[in-house]
Every structure is written in structure tokens, then in C-alpha cells.
Amino acid sequence: MSHLIEILNDGGVYITYPILILLLVMVVLFVRATLGKADIDKTKSLIVSISWFCIAWGYLGRTIGLISAFDKIQAAGDISPSMFASHLKMALVGPLVGIITFLIARALIIILVARNK
């Protein structure tokens, strides 16, 4: 578990944790809709919108990570491979978390649609 938290922190706290919070929001919306306490079509639309936002937020994190890596290279002139790798890891974790969240959201939408028919 601590390894997962370390990876999430490597991806940028301001990028990965908002995506995880939005994942929890989508799960709560899904549970409310399956229990009949919310409109299924409205919930489905909200989950779709939030999932696309998670993808965009993750790729924003990737762009920030790459810019940061290139700034460090430019400032240092010659950079160690480990420093470059740490910034590349930061640039890849955000989109990965966003894509995983997107896939989970799509599974929730499939379940909502299947239950609605």
C-alpha cells in the first residue's frame, strides 16, 4: 500500500489525488443510481463528463511534468539519467491514473446501461 502511495506522490499530488477523489465521486454517483435514489440518465451523463475530465487532468499533469523535466535539463546543461527518469515518471503517472479512472467509469456506465434496459 505504501508503494502505491509513493507512486501517486511521484505523479504529482495536485494531479493524482484530485483524480482519485473524482473516482470516489463517480462511485458514489453509481451507488446512488443503482439504489434508485438518483436519475440514471443524469448520473450516466455526470459520470461521462467526470471521466473525460479525469483524462484531461492526467494529461495536463503529463505536460507539466515534461515541461519541468526539460526546464531542469536546460538549467543544468548536463543532467543525470536518474533525475531525468524521475521527471519522466512524474509525467507518466498522471495520465495512467486518469486512464484507469476512465476505464472504471466506463465499466460503471456499462453496468448502468445494462441495468436500465
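The values are calculated or read from the model by the stated rules, or taken from the named source; none is laboratory data. Since the model is a prediction, treat every value here as computed from it, not as a measurement. When we count neighbours, we look across all protein chains shown, and the Cβ atoms used for this are built from the backbone with ideal geometry, even at glycine. All accessible areas refer to the heavy atoms of the entire protein, side chains included, with ligands and DNA or RNA removed. Shrake-Rupley method; radii C 1.70, N 1.55, O 1.52, S 1.80 Å.
Below is a table of values for the structure above.
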read-out	value
Cα gyration tensor shape of segment 1-64, rounded if a/c is under 1.5, else prolate or oblate by comparing a/b with b/c	oblate
Cα Rg, Dmax, the chain, angstrom units	17.6, 61
Accessible-area composition of the chain, carbon plus sulfur, in percent [1.4 Å probe]	71 percent
Helix 81-116 axis, angle to the chain major axis (alpha carbon atoms, nearest 10°)	10 degrees
FRET efficiency, 1/(1 + (r/R0)^6) with R0 25 Å, evaluated for Met1 and Val25 via beta carbons	0.70
Within straight-line cross-link reach of Lys72, lysines at Cα separation under 22 Å, skipping those fewer than 8 residues along the same chain	Lys89
Segment 53-117, relative contact order in percent, only Cα pairs under 8 angstrom and at least six apart counted	49 percent
Test item: Cα-centred dipole of segment 1-51, Lys/Arg +1 and Asp/Glu -1 on Cβ, debye	300 debye
Rounded accessible area per residue of segment 47-87, 1.4 Å, Å²	62 Å²
Relative contact order %, the chain, counting alpha carbon pairs below 8 Å whose residues are six or more apart	40 percent
